[in-house]
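The numbers here are math on the coordinates, done by the rules we state, and not lab data. As the structure is a prediction and not an experimental result, all values here were calculated from the model. We place every Cβ from the backbone using ideal geometry, glycine too, and count neighbours over all the protein chains shown.
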Amino acid sequence: MVGLGSLTSRDAEQVAQETRDLVQSRDLVSLAVTGLSAAGGVVVAQEVSDRVLEMANLNVDPVNATDYAGAVVTKGVVASAFAFAAANLSGIGLVATGFMAMGALASAGADLLEGLLTTAPVGGGTSSSMLANATSAASNAASASNTSKSVTVNATQPTSASSNGTADAAF
């Protein structure tokens, strides 16, 4: 079994420890620089991503795996550019661009996670396709019976239509 310690590098642990120390020391100027720089990295990565996605004829608000991939790759490139800049600077420039790289990387990670959670078929399809299946099953169940019966949708059971006019759908 792999321990959690081997999943991170010594450098990443050192940055986390130093950030913790910074918070504990209540160095407000340094906290402001790091916090605002990281937030700036998120904002810049999003703005660049929006423009690149528009030029590539992709959706700025991703709706499919291609859109998400475009956003993640673009934000990864922005993070790399900030990291390259940080490698060539010192002092506040190093701190600002280094944390901007982290912000851009966090934004790319958020898009990756959102893309995996919203575009990956879980349980046979997306919630919208399951809703369509439930609606279709309810309609079929109602039209299968010539008598007037109520049609109900139970959102906890797998999609099926029964002979009594009830349709069940899983969401």
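Convex hull volume of the Cα atoms of the stretch 9-119, normalised per residue: 108 Å³. Distance between the modelled labels on ALA110 and ALA16, one decimal in nanometres: 2.0 nm (7 Å Cα→Cβ projection). Ranked by the mean number of other Cβ atoms within 10 Å of their residues, highest first, the peptides 78-89, 34-45, 109-120 fall in the order 34-45, 78-89, 109-120.
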